[in-house]
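Read through the structure below, which is laid out as structure tokens, and then see the notes.
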Amino acid sequence: MLSYRHAFHAGNAADVLKHAVLTYCLDYLGQKETPFLAVDTHAGAGFYSLTEGYAAQNREWERGIGRLVDQTALPPLLARYAALVKETLGVELPRYPGSPALIQRLLRGQDRAVCFELHPADFTALEENFSADHRFRLLREDGLGGLKALLPPPSRRACVFIDPPYEMKSDYAAVPEHLAEALRRFPTGMYITWYPLLGRRSGAESGGEGAALRETLLGLYGGNRCAVELRTAKPPTLPASPRMYGSGLVIYNPPWTLRGALEESLPVLVGRHELSCVYLRKNK
Ligand SMILES: C[S@@+](CC[C@H](N)C(=O)[O-])C[C@H]1O[C@@H](n2cnc3c(N)ncnc32)[C@H](O)[C@@H]1O
């Protein structure tokens with residue numbers, strides 16, 4: 001089943017958190033001349049219009065990137081990301097950059113990217129947007145299943161971005177299963193994994209499957225790792241509500257400066273009704 005279309009959610013608060021962190025991590029890898037590999041296991045289309053089509057229906061971007069682009073004096077992590085987004089937001093055809101577009105912007109001549117996408121329409125768009133770039137390999141394959149064959153990369157430097165839609169419950173088990181194998185092959189890689197916080201019949205207070213996944217992922221790896229969460233609403237009180245009230249990222253081997261950068265940035269992302277928290281666990 002592939003009914004999820006990221007265009008509905010492009011530029012929302014969850015995208016801002018994940019894309020700002022991805023940008024920060026790729027910038028960090030770009031500080032050394034040695035090449036790196038960027039892997040996007042769930043790439044989407046690459047670019048999205050915010051004014052037409054799916055994104056214009058619910059206008060989720062207004063509470064995400066819409067809050068950032070006109071602000072001056074942002075903390076550096078957000079300022080850098082907002083500047084990259086502004087570069088691609090044209091006047092006639094506003095284009096919001098998804099993860100492959102940010103990767104493309106931050107890749108240098110010596111770096112490479114591999115993007116997986118299963119949805120036929122999104123894969124076609126991905127090909128249209130990136131196939132001319134010789135640094136990119138685009139695969140219409142399962143990104144979790146395809147990851148292990150790429151690891152470790154020859155340069156032993158990589159950022160793996162794992163951003164599943166979780167429309168299939170099996171993603172919650174598949175993500176740690178494949179991450180365990182990836183870590184076995186390449187424990188020093190940088191991995192960024194996104195998860196949603198959903199209210200559910202059981203576990204609404206604890207964030208349901210997403211929060212359970214966060215704990216599983218934090219326990220899977222004994223090296224440096226952290227989790228950051230942005231809650232955009234209070235957890236739903238109706239027992240059966242599946243509403244998403246926030247999301248988070250678990251990051252393995254994050255840049256050592258990430259925690260400080262996030263602590264400066266999260267208050268800016270947090271609006272009047274929002275809650276946020278950062279978790280960080282270092283080496284045992
Ligand atoms: C949350 S969206 C990705 C958004 C994108 N990473 C970004 O930040 O711009 C998830 C994407 O994964 C695709 N997808 C779902 N299952 C997949 C799988 N097993 N392998 C690769 N792509 C998959 C969906 O079609 C969807 O486009």
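The values are calculated or read from the model by the stated rules, or taken from the named source; none is laboratory data. What you are looking at is a predicted structure, and each value in this text was computed from that prediction instead of being measured. Positions of Cβ are backbone-derived with ideal geometry, glycine not excepted, and every protein chain shown enters the neighbour counts. These area figures cover heavy atoms from the full protein model, side chains too; ligands, DNA and RNA do not enter into them. Shrake-Rupley method; radii C 1.70, N 1.55, O 1.52, S 1.80 Å.
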Taking only pairs six or more apart or across chains, which ones have beta-carbon atoms under 6 Å, a first residue in the stretch 157-183 that is under 25 Å from L37 (Cα atoms), and a second residue that is assigned to a loop (DSSP other than H, G, I, E, B) and open to solvent by 50 Å² or more (accessible area, probe 1.4 Å)?
R157/T34; P165/Y4
Out of A10, A14, report the one residue that is within 11 Å of the ligand (Cβ to nearest atom) and in contact with a Leu (Cβ under 7 Å, 6 or more places away or on another chain).
A10
Anything in the stretch 133-157 that is within 16 Å of the ligand (Cβ to nearest atom) and open to solvent by 40 Å² or more (accessible area, probe 1.4 Å)? List them, or say none.
R137, R140, E141, D142, K148, A149
If you scan the stretch 169-179, which residues turn out to be among the aliphatic types (A, V, I, L, M) and surrounded by 14 or more Cβ atoms within 10 Å (Cβ to Cβ)?
A174, V175, L179
Among the residues of the stretch 51-62, is there at least one that is touching a Leu at 6+ places or on another chain (Cβ under 6 Å), surrounded by 17 or more Cβ atoms within 10 Å (Cβ to Cβ) and without any contact (Cβ under 8 Å) to a residue 60 or more places away in the chain?
yes
Residue among P267, P242 that is modelled with pLDDT under 85 and closer than 21 Å to Y24 by Cβ:
P267
Pick from the stretch 89-109, criterion surrounded by 13 or more Cβ atoms within 10 Å (Cβ to Cβ) and among the aliphatic types (A, V, I, L, M), ranking: nearest to F161 (Cα to Cα)
I103
With (1) within 12 Å of the ligand (Cβ to nearest atom); (2) surrounded by fewer than 17 Cβ atoms within 10 Å (Cβ to Cβ) as the list, and T41 as the residue in question, which single condition is left unmet?
(2)
Inside the stretch 116-139, can you point out the residues that are of a type in the set (D, E, K, R), touching a strand residue (DSSP E or B) at 6+ places or on another chain (Cβ under 8 Å) and more than 24 Å from T34 (Cβ to Cβ)?
E117, E127
Could you grab me the full set of residues in the stretch 50-73 that are under 15 Å from S265 (Cβ atoms) and basic (K, R)?
R67
Meets criteria (open to solvent by 50 Å² or more (accessible area, probe 1.4 Å), over 21 Å from A125 (Cα atoms), modelled with pLDDT of 85 or more and away from the ligand (no atom under 11 Å from the Cβ)) for R112:
no
